[in-house]
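Computed from the coordinates by the stated procedures, all read-outs in this text should not be read as laboratory data. All of these numbers come straight from a predicted model, not from anything done at the bench. All Cβ positions, glycine included, derive from the backbone under ideal geometry; neighbour counts span all protein chains shown.
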Amino acid sequence: MQRRFRRLLAAVATAGAVAMTAPTAVAAPQAVEPLARPAFKLPFDCNQTWRGSNWDGHSPAHSIDWNHYDANGTPDDFQRRVFASAGGTVLSSHYSTTTGYGHTIVIGHGDGWQTRYAHLYDREVQVGDKVTVGQLIGRVGASSATYELSPHLHYEQIHNGAVVVATLQGLSYPDFTVRYQKSSNRCG
């Protein structure tokens with residue numbers, strides 16, 4: 001009797017397994033919309049006003065050089081703090097001797113989006129670090145192994161490997177743009 005009961009339980013279990021693996025209707029795959037550009041903020045402290053310059057011949061095209069000026073119009077950006085303009089993962093944190101970037105940080109933001117911060121005085125993050133928007137990542141410098149520079153932050157927005165026209169806090173920086181913009185990063 002016990003043997004028959006075990007066979008009956010095995011048959012029920014097998015029938016149940018078959019019922020669970022029987023084919024079911026599968027929904028048609030849906031088109032996946034690409035993620036939108038992250039809501040990039042200026043990589044500077046709340047309410048600081050910086051001059052963004054995207055000039056003819058700037059390499060690579062679409063990159064922006066950022067400078068800060070004191071009340072008298074004198075540049076005073078050396079060693080000012082630089083913050084992540086969007087959250088993500090640090091993909092690169094290094095000193096380049098071949099590109100002219102000097103101390104450089106690249107942050108990946110997902111869906112092919114990255115930001116590059118170059119000519120830094122120092123780097124506060126390492127490869128693999130997770131960063132949030134507004135997190136300190138470095139300080140403005142003049143580092144470059146190939147050029148003599150005045151202090152400024154070289155900034156790029158990159159999508160799928162290509163530097164694209166940057167948009168920060170809703171304002172676009174097409175080529176040949178010079179604009180003063182106030183940062184809303186770290187404002188609350």
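A simple rule links phi to the HN-Hα coupling: the Karplus curve 6.51 cos²θ - 1.76 cosθ + 1.60 with θ = phi - 60°, which for the stretch 52-59 gives x, 10, 10, 10, 4, x, 5, 10 Hz, with x for Gly and Pro. Applying 0.36 nm per residue to the separation of residue 179 and residue 39 and subtracting their alpha-carbon distance, the gain on full extension is 48.5 nm. Once R0 is set to 25 Å, what does the formula 1/(1 + (r/R0)^6) return for the Cβ-Cβ distance between residue 145 and residue 55, expressed as a FRET efficiency to the nearest 0.05? With a Förster radius of 25 Å, E is 0.65.
Amide hydrogen proximity for residue 129: with H placed 1.01 Å from N in the peptide plane, the residues at 5 or more positions away or on another chain lying under 5 Å are 90.
Distance between the modelled labels on residue 171 and residue 78, one decimal in nanometres: 2.6 nm (7 Å Cα→Cβ projection). Using a basic spin-label model with each label point 7 Å from the Cα along Cα→Cβ, how many nm lie between residue 132 and residue 98? According to this spin-label approximation, the distance is 3.7 nm.
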